[in-house]
Amino acid sequence: MALSQKPMRYGHTEGHTEVCFDDTGSCIVTCGSDGDIRIWESLNDDDPKSINVGEKAYSFALKNGRLITAVSNNTVQIHTFPEGTPDGILTRFTMNANHVVFSADGSRVAAASSDFLVKIVEVTDSSQQKTFRGHGAPVLSVSFDPKDTFLASSSCDGSVRVWKISEQTCETSWPLLQMCNDVVNAKSICRLSWQPKQGKLLAIPVEKVVKLYRRETWDHQLDLSDNSITQPLNVVAWSPCGQYVAAGSVGGCIVIWNADTQKCIERVKHEKGYTICGLAWHPKGGQIAYTDMEGNLGLLENACVNGKKSKHKASAPDIKGYDDLFDEDGNEDFLNGDLDENDWGSKAARNDEDEDDDLMMVSGRPRNRGAIIEDDENSLDTGLLKANPAFDKEEEEDDRESLAPLQPLSSTQRPFYDGPVPTPRQKPFQPGSTPVHLTHRFMAWNSVGIIRCYNDEQDNAIDVEFHDTAIHHAMHLPNSLNHTMADLSSEAMVLACESTEELPSKLHCIHFNSWDSNKEWTVDMLQDEEVEAVCLGQGWAACATSTLLLRLFTVAGVQKEIFSIPGPVVSMAGHGDQLLLVFHRGTGFEGEQCLGVQLIELGRKKRQVLHGDPLPLSRKSYITWVGFSAEGTPCYVDSEGVVRMLNRGLGNTWTPICDTRDHCKGKSDHYWVISIHENPQQLRCIPCKGARFPPTLPRPAVAVLSFKLPFCQVATDKGQMEEQFWRSVMFHSYLDYLSQNGYEHDEGVKGQAIQEQQNVLMKMFALSCTLEREFRCMELAELMTQNAMSLAIKYASRSRRLVLAQRLNELAAERAAEMAAAEGQGTQEEEEEEDFRNHLNAGYSNTPTEWGQARVRNLQCQQSMEEEEEEEEEEGTSEVTKPRLPTLGSASTPKSEAAIVPSNQGRVNPFKVSSSQKNQLVHSANILDNITKLPKKNSTPNGRAAANKEKCPVIKPLVPKPKSKQAAAAAFFQPRAPSSAKKNLEERGGKAETPLPESQTPAESSDNKRPKTGFQMWLEENRSSILADNPHFEETEIIKEGMSRFRNLSAEERMVWTEKAKGREAGDPSEGKKRKRLEGVNRDGQESQEKRSKEDTSSAKTSNSFEQATISKLSAFAYKQN
């Protein structure tokens, strides 16, 4: 099978990168100049586990569950693998360590440093060290003899030396390399490699060839070269079988030789020609992983499939066929262990292959379910990964010539249980902090400030920086107690440290907002009690301990309540009186964390909002940030980058509001969350390229991300508006929480949010009308306020969707009745009646609707005729050719807030109706009454000034004091004589008159440019006679006939009608005040005889039947439509 080269992928930032396989070959491990160790399940693993070991990692080695790293602070550190838990410092140098390797048995580590030294350190006892001196320049690389007898090293002084470990002496030295003064100036890093098993040959990359030297005699055996190599070789590696040698060059060329025949059998060129700096064979052969100086990772498959690799299969135990698996099941006692190790391993391998085809390794060997490296760092089976697959030395000697690619797992390596694998519990962490083992780290970064910790040889201190220096100046504190946890608020800072052999765990608080001189206090925990998480709120501090206790303190140090938490704490946060606690509520399986959350309010009314409810996470993820938004809403972020917020309006459920992965440019990039703001909607975080958290230096730049709910089809207008509406609803729900709990908040923000939401609903309503989705329109109308619903009714009627308009009107009536019934409970009838009168005439619509009851037949006719005339005055006779979408809050649209008013106006719902009022409302028999009359009333008692400012074409009330219903009823019977009455009213103080042209907006000036004509008034008077002569006429024919008869009138008669129309126009603005004055005179019994006669005249003029009013209304509406 031909060699296959996989496309390279991004692994680390630009710089030196190394690679190796773990002991079992189940994963690839890399390190880079970004200071991270990454564990890749495969080359296509998009979310490798990342272990940060320092600011920069120069080299690493992995064996027996131990990870050794050479980092930038001149130390060689040890971590557990795969957990990545720091396990101490193995050794130190005065300069950087350039290369580290394990001995064959994993008991010792050799390290090469730029201070010219080579050290061998015992892993279990770092005090047992051997130092090798002799190089005159920085040491480039080291390599252990497989028998742990010799150690080879290369240096910038141009020499390659072989040391005898037991005597710490130099056996031999070859001047093979070009001399230089530093590692960065070396033409080659000269990675040496001994032949496996017996170490008979030492391979050294020298210029463009690989030189092989024989063991003990140290004679030059042979050279491996190829014409394709044009630049110096950088690294060399033997295959596990000891037959093949692979080398990578500075020019990006990888060459594989057969050491026995000295022939080049494979040649591979880097796709971009970058320098190869890392090369590693799979433990079972067949694969080669390599890295370059740009931080990329690549993989070669089917390497050396011919030759001795064919012998490997012969040594593998025979596996029974599928039909043979169940031949003798009755004779096999699985429970009593009748199977020997080979049979068990064979059957296990076959079962895994049958059950999970996707568990096959790229090399073709099946892997057991427990050894899979999941996407999440917490899903690793540590027992299997730490197992050493090496055989006894005697077995290695006997099987030296061949190594089986498929070895049966022993009972100690493979657990008998093959079910779901428990997930290791996530360890406690502080929100906004970076890992504890870093020498320079963030202890906390939130909306108040930044706490940094420096723990190196020069200093062990804590720096505190405030975003707003008005809160407090920056502080520099010594960290003598080695504090590892911190939190910061606008009034205090709290620190905590772990216990030592001499000292207990401590909680330390600095109350810098205190007015006295003693600003610090410390509390010692009980014996065997460790502080695991801390947080601050308004006036209180809290710490969760290892004994499953949560302790509360005041910021001045007074101990308060203490209570038990249901499980080990993961993290917690505070804001105001709220405490958010995340804990382990059980054991997760298959990479899942099982977390619970408690939300407790610690104010005067202490209560628990969330009672240990499960905390939802993304698949196979863990939590990375916990906190509150700036407005006090609980939020958290998981390792998949999904941000979730508590939705108080939906029963305290968690809603995803942002996926930071959508904003990442690379698969290994992440965003480190700092704070969340609901108004404005901002997610403040730090972009981290190739890492999960930022370095302390240089100072990271903060980015602002927008929120986006994961709605479907957001590319369409419908999806965008749906997402916008519900996001606005959710992100303004905090206003309701603040108002319910007595916090100060801006009512203007809530009003603006409601207006924004209703505007979006109106757009969705118009879109649904365009798509002829009338049932969807009804569903949208249920989300609207009464004001928006009236506009929707008007839009539906103008769109010629009268069935929809009728249903919307019924919905409005039903909602009004429900609101009236709800508001009517517990209120006295007198108060309800007075409130209704005030709101009905202070800008609310007094339009009769279907939920009203008729009181007086004559009053119904008079009111219908009057409002018809008012509508015609406003609308004119201009044609309505296209429905126009009303926009809430715009100056060109009449307002009507018949039901819902912002709470800061102190209004009560006007639809509450007492039993004494139900008979006073007039029944509407026609949907058109609501269409034309709902938008005519202003919404506030002082709406006159507001309407003047907005140039709204609504006739305002004359005075802020609302009219009573009796005054409104009596006003119907007042005469409309125009000029004389107008003059009298002006003399009596009718100075609130507003000329119609001034109240018009530019958008509607065309509709109101022509006042009501004499022909319209004449047609109203003579319509019945036209219908009597021509009962079969349609509306358009009636109008045509009326126009013909009107033209036949004499010029004097037509002038009379024209003057009558002009007189009415001038008299309308002050008509309301005149009626009110006349109503008062009627009540006192002092009205003059002249006004009584005018009242009778007015009654006679308007005493038409209800049927005539309906016909007149239809005529006017059709006239405008045509």
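The values are calculated or read from the model by the stated rules, or taken from the named source; none is laboratory data. These numbers come from a predicted model, not from an experiment. In this analysis, Cβ positions are derived from the backbone assuming ideal geometry, glycine residues included, and neighbour counts consider all displayed protein chains. Just the protein is used for accessible areas: all its heavy atoms, side chains included, with ligands, DNA and RNA removed. Shrake-Rupley method; radii C 1.70, N 1.55, O 1.52, S 1.80 Å.
Enter the Cα centre distance for the pair region 58-131 and region 1022-1042, rounded to the nearest angstrom. If you average the Cα positions of each part, the centres end up 106 Å apart. Residues in region 1-85 average 28 Å² of solvent-accessible surface per residue, probe 1.4 Å, ligands and nucleic acids excluded. When +1 charges are put on Lys and Arg Cβ atoms and -1 charges on Asp and Glu Cβ atoms, the dipole computed for region 621-708 relative to its Cα centre reaches about 240 debye. Between ALA2 and LYS427, the modelled label-to-label distance comes to 4.8 nm, taking each label 7 Å out from Cα in the direction of the beta carbon.
Near LEU615, once Lys and Arg are set to +1 and Asp and Glu to -1 for all other residues with Cβ below 10 Å from its Cβ, the sum equals 0.
Spin-label pair GLN752-HIS1032: with each label point 7 Å from Cα along the Cα-Cβ axis, the two points sit 6.4 nm from one another. If you take all other residues with their beta carbon under 15 Å from the beta carbon of GLU744, and give Lys and Arg +1 and Asp and Glu -1, the sum is -4. When the C-alpha to C-alpha distance is required to be over 19 Å, the pairs from LYS506/LYS560; LYS620/LYS667; LYS208/LYS263; LYS6/LYS63 that qualify are LYS6/LYS63.
Evaluated with a Cβ-only charge set (Lys, Arg +1; Asp, Glu -1), region 561-613 carries a dipole of roughly 320 debye about its Cα centre, given to the nearest 20. Accessible area per residue for region 103-214 is 37 Å², calculated with a 1.4 Å probe on protein heavy atoms, without ligands, DNA or RNA. Amide H contacts under 5 Å for TRP625: VAL637, restricted to partners 5 or more places along the chain or on a different chain, H placed in the peptide plane at 1.01 Å from N. Counting charges near VAL76 (Lys, Arg +1; Asp, Glu -1) among other residues having Cβ under 9 Å from its Cβ returns a value of +2. For region 38-81, backbone nitrogen atoms closer than 13 Å to the point 7 Å from ARG92 Cα along Cα-to-C-beta are found at 73-77. Surface composition of region 1-128: carbon plus sulfur atoms hold 48% of the accessible area, using a 1.4 angstrom probe and ignoring ligands, DNA and RNA. Couplings for region 803-808, taken from phi via the Karplus curve 6.51 cos²θ - 1.76 cosθ + 1.60 with θ = phi - 60°, read 5, 5, 4, 5, 5, 5 Hz in order; Gly and Pro are left as x.
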